[in-house]
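Note sheet for the following structure.
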Amino acid sequence: MLKTNLETGIMGDEADLIKRKSAFGTNTYPRKKGRSFLRFLWEAWQDLTLIILIIAAAISLGLGIKTEGPEEGWYDGASIAFAVMLVIVVTAVSDYRQSLQFQNLNEEKQNIQLEVMRGGRVLKISIFEIVVGDIVPLKIGDQVPADGILITGHSLAIDESSMTGESKIVHKDHRVPFFMSGCKVADGVGTMLVTGVGINTEWGLLMASISEDTGEETPLQVRLNGVATFIGIVGLSVAASVLAVLLGRYFTGNTKNSNGDVQFVKGQTKISEAIDAVIKIFTIAVTIVVVAVPEGLPLAVTLTLAYSMRKMMADKALVRRLSACETMGSATTICSDKTGTLTLNQMTIVEAYVGRNKLNPSDNSSQLHSEVSSLLYESVALNSTGNIFIPKDDGNVEISGSPTEKAILSWAVKLGMKFDIIRSQSKVLQVFPFNSEKKRGGVAVQRTDSKVNIHWKGAAEIVLVSCTRYMDSNGALQSIDEDKDFLKAAVDDMAARSLRCIAIAYRSYDSDKVPAEEEDLQKWVLPEDDLVLLAIVGIKDPCRPGVKNAVRICTESGVKVRMVTGDNLQTAKAIALECGILGSDADAMEPNIIEGKVFRAYSEKDRESIAKKITVMGRSSPNDKLLLVQALRKGGEVVAVTGDGTNDAPALHEADIGLSMGIQGTEVAKESSDIIILDDNFASVVKVVRWGRSVYANIQKFIQFQLTVNVAALVINVVAAVSSGDVPLNAVQLLWVNLIMDTLGALALATEPPTDHLMHRSPVGRREPLITNIMWRNLLIQSTYQVCVLLVLNFGGKNILHLENEGREHATDVKNTLIFNAFVLCQIFNEFNARKPDEFNVFSGVTKNRLFIAIVGFTFILQIILIEFAGKFTSTVRLNWRLWLISLAIGFVSWPLAAVGKLLPVPKTPLSVYFLKPFRRWRSGRNT
């Protein structure tokens, strides 16, 4: 009824696919809707500071209308309310955009590419394009893409824990033939017929009922929340102190109004006037809270991570876990695979030995006896999960499978192998899938003459050990004992020239000994002794262009690259020298270069000390890789691991950052990783390190910038409030500063692209303080300068600006407007200083970041509009050109000041320890 050919699959033309999709549905399921924009608005306004400000706005509105009348009295209250609404909307928009971005990334993550058989041809399609009736080949590490039933399978074991919750591996055969979508292939090979897709599967129903959680907090966000909490506590403490001082001043008669009259006289001042004054004092305290709480910190992290994730996607890296973005910047070592990561994974056979005879060229079939070629073709065609499609119109032959299998199949086709004919003339009895532990795979075949042959293929030196004879080019069997040294020398010679050596061997088997029952046949262990060697081939897999440069960049930036490969030591050494992982032959000594079995034989303590010296590990099993990662991490290294196989999953999971391969990687490997390298290229791994460091650096830039704003504004307002009972920067102005400086500043500094300078630093340590001494130096210099200049203007501004003849109220407004304008311009100029906290030239590369220039320009234009046209709402007055020049000059001085400051020595002991020690004590006591 499904009209599927079990050998060649469905036709797969457009009409056939449409018909199947309309009859049985598509392999997609309805996504649970993410949170709406209104939900983000609702969450944004529930911030405690904003609630306090909303209350203050309501009180200010009522107080203003009462004291100044409805025409002008609403300005202050409405301005605070508008600023608060703006903060809420900006926060909600930012969070909503981030949510949409994460949804897109999740869709990309779920868009698995897999192989199907259609019209006799193996095609690579998206999992969403699977239809009922498709024939899907399965191998170790694949995800079962839909519900289906078994057609053929050998040693096929499925991990159904994702559906059943039990970590039990289920073996599939014709008695238990059913596959459930979403499960993983744990072992073996097989093919399945798709019977149910999308919402008509258990997996589809399950996925439709859950939504992807995007609320993950990274370690950096947790640390920043701690910093924000600490600053918030300091701000509240200062605000409470100021409130107490101002109330004390007011009720003791030390507060005077603009005319110089005492505001509170006991027994004379009306209760309503006293309440109004107390509310104004309360508003001043709230203003201090506003300036103290750094609302922009979480926004900066969100923007940085979201921007970096999008850019990393363009650099061929799909981030699966947010925390990996920042952790990658701390990586001290990368344990890299060889095949496909350091090399191109474009394998071709360039050398071949049949017996003692070297084929020249390697695909010269005239040198082969018919008996040898017959057995060789049978071995290559049947001991493979690859496939060959020959078009009817005599087009190019299409070969599918792993790169190694494609190389061997291509070689055999050139020799004259007829793939379809050989497969049709033989019956596969049992399969031992290629195993990365044993480094070989085998198959038992029954021919049409009822003879049974067992074929093996794998790492040359391992298969050679099991061989007792070889077949020479004349088809005669010879003892291998006398020629073993010759063959080993041939293997070593090929390996030294960075060729991967594969041996092909077979043995005949008595058909009477083959288990007759299906159940016994499934459990039959293929004999792997007394083999006859048929051929040894050398496969060339050239180094990727750019890998040597990428390795050099890593080494210069303090990141050690280690190669962990299943190939023999000679091949690994040759590639390591070619890639620059090993500097010279002199470096290729144990323990710099070591075999997996030697490493695993050491005790746990010895492994820890030897692991740091290892540069190349050859003939390693996945467990050796895991042991190496564990030893390095115990030694204090931050380890990144690349892997593509199912057996790499434990090492990928154990590492600080797991990097799986997007092209050759199995779904199990991808599931265990933090980042998927979409082009399988080591150079892309280096780009990820750059972006990781950029994330951390950009956050630090913004912290320096944000804290400078907060410290300066806090000190100015506190000193002014305590000394004169009034503040030069009111709530609306500070909300404006926070909105402009936090949001636009975060956007400008969080989107700085990574520079080469980042790769000249050492990796950031696990416990290195977030606020470095260089940042403290820059922060204290800038904030001290701003505080001194603006306090001088506050207390002596009227004399300096010659405003004595102006009306008292107007003079105060001009002075306060100049302070506000100069303060904002200081921050605009300081934004440039924050770009390069440790570099003398803060303008290097600024023209490349158009967004930064646009944001700074936009901020400046907004400030002009605010001062010149919106004075009623911010309690400011228009400034003449001289006062604008003074403001610009005050801001401009921050540039040379920052440059001079960078000449000062920086203490080695982290100052953060002293600043945060009381808070840590308080928090640990509270937790206890």
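The values are calculated or read from the model by the stated rules, or taken from the named source; none is laboratory data. Note that the structure is predicted; figures quoted are calculated from it, not measured. For neighbour counting, all protein chains shown are included, and Cβ atoms are generated from backbone atoms with ideal geometry for every residue, glycine included. These area figures cover heavy atoms from the full protein model, side chains too; ligands, DNA and RNA do not enter into them. Shrake-Rupley method; radii C 1.70, N 1.55, O 1.52, S 1.80 Å.
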Next item on the list: Could you list which residues have their amide H under 5 Å from that of F432, counting only those 5 or more apart in sequence or on another chain, with H placed in the peptide plane?
Entry: G442, V443, A444
Next item on the list: Treat every Asp and Glu Cβ in the chain as -1 and every Lys and Arg Cβ as +1, leave all other atoms uncharged, and give the resulting dipole magnitude about the Cα centre to the nearest 20 debye.
Entry: 2460
Check: Of all accessible surface on segment 528-611 at a 1.4 Å probe, what whole percent is carbon and sulfur?
Finding: 50
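Accessible area, 1.4 Å probe, largest first: how do D173, D756, D134 sort?
Numbers: D173 30, D756 100, D134 0 Å².
The ordering from most to least exposed comes out as D756, D173, D134.
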Notebook entry, point to check: Distance from the Cα centre of segment 844-899 to that of segment 378-455, in angstrom?
Noted result: 72
Margin query: Show me, for segment 843-852, the HN-Hα J-couplings you get by feeding each phi into the Karplus relation (A = 6.51, B = -1.76, C = 1.60, θ = phi - 60°), rounded to Hz, glycine and proline as x.
Written below: 9, 5, x, 5, 5, 6, 9, 5, 4, 4
Margin query: Can you compute 3J(HN,Hα) from phi for each residue in segment 311-321, using the Karplus curve 6.51 cos²θ - 1.76 cosθ + 1.60 with θ = phi - 60°, rounded to whole Hz and x for Gly and Pro?
Written below: 6, 5, 4, 5, 8, 6, 9, 9, 7, 9, 10
Next item on the list: Once every Cα of the chain carries one equal point scatterer and solvent is ignored, give the base-10 log of I(q)/I(0) from the Debye formula at q = 0.06, 0.08, 0.11 Å⁻¹, two decimals.
Entry: -0.57, -0.85, -1.27
Next item on the list: Note the angle between two axes, namely the Cα long axis of helix 484-496 and the longest principal axis of the Cα atoms of the chain, as a number of degrees from 0 to 90, rounded to the nearest 10.
Entry: 30
Next item on the list: Output ³J(HN,Hα) for segment 10-18: one whole-Hz value per residue in order, computed from phi by the Karplus curve 6.51 cos²θ - 1.76 cosθ + 1.60 with θ = phi - 60°, and x for Gly and Pro.
Entry: 7, 5, x, 7, 4, 5, 5, 5, 4
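Can you give the helix-only mean residue ellipticity at 222 nm for the chain, where every DSSP H stretch with n ≥ 4 adds -39500 (n - 2.57) and the sum goes over all residues, rounded to the nearest 500 deg cm²/dmol?
Numbers: 33 runs with 458 residues, N = 928.
After summing the helix terms and dividing by the residues of the chain, the value is -16000 deg cm²/dmol.
So which trypsin sites (Lys or Arg not before Pro) in segment 155-200 end up in coil per DSSP with only 11 or fewer other C-beta atoms within 10 Å?
Working: sites: K168, K172, R175, K184; in loops: K168, K172, R175.
Those satisfying the criteria are K168, R175.
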Margin query: Not counting ligands, DNA or RNA, and with a 1.4 Å probe, what is H757's accessible surface area in Å² rounded to the nearest 10?
Written below: 60
Notebook entry, point to check: Using a probe of 1.4 angstrom, how much of the accessible area of segment 752-864 is carbon and sulfur, in percent?
Noted result: 61
Note to self: Rounded, prolate or oblate, given the Cα gyration tensor of segment 390-438, with a/c below 1.5 counting as rounded?
What the structure shows: oblate
Check: So which trypsin sites (Lys or Arg not before Pro) in segment 336-406 end up in coil per DSSP with only 16 or fewer other C-beta atoms within 10 Å?
Finding: R356, K392
Item checked: Carbon/sulfur fraction of accessible area - segment 82-157, other protein chains in place, 1.4 Å, % -> 56
Notebook entry, point to check: Taking amide hydrogens as modeled 1.01 Å from N in the peptide plane, which residues meet the under 5 Å criterion relative to G401, leaving out close sequence neighbours?
Noted result: N387
Next item on the list: Work out the charge dipole of the chain with +1 on the Cβ of Lys and Arg and -1 on the Cβ of Asp and Glu about the Cα centre, then indicate which of A44, A407, L626 is farthest towards its positive end.
Entry: A44
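In segment 48-151, which GluC sites (Glu not before Pro) fall in coil by DSSP and have 10 or fewer other Cβ atoms within 10 Å? Numbers along the way, then the final one.
Numbers: sites: E68, E71, E72, E107, E108, E115, E129; in loops: E71, E72.
Counting only loop positions with at most 10 other Cβ atoms within 10 Å, the GluC sites (Glu not before Pro) in segment 48-151 are E71.
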Next item on the list: Could you pull the accessible area for F795 with a 1.4 Å probe, rounded to 10 Å²?
Entry: 120
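Just to make sure I understand: if all protein chains stay in place, what is the order of I663, I890, I233 by accessible area at 1.4 Å, largest first?
Values: I663 85, I890 20, I233 60 Å².
So the residues, ranked largest to smallest area, are I663, I233, I890.
Convert 25 °C to kelvin, take the viscosity as 0.890 mPa s, use the Kirkwood radius over C-alpha pairs of segment 12-123 as Rh, and evaluate the Stokes-Einstein diffusion coefficient in µm²/s, rounded to a whole number. Walk me through the numbers on the way to the answer.
Values: Rh = 19.0 Å.
The diffusion coefficient I find is 129 µm²/s.
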Item checked: For the chain: accessible area per residue (Å², 1.4 Å) -> 44
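Tell me the net charge near A834. Cut-off is 11 Å between Cβ atoms, A834 excluded, with +1 for each Lys or Arg and -1 for each Asp or Glu. If you can, show how the numbers build up before the last one.
Numbers: positive: K701, R835, K836; negative: E752, E831.
Net charge around A834: +1.
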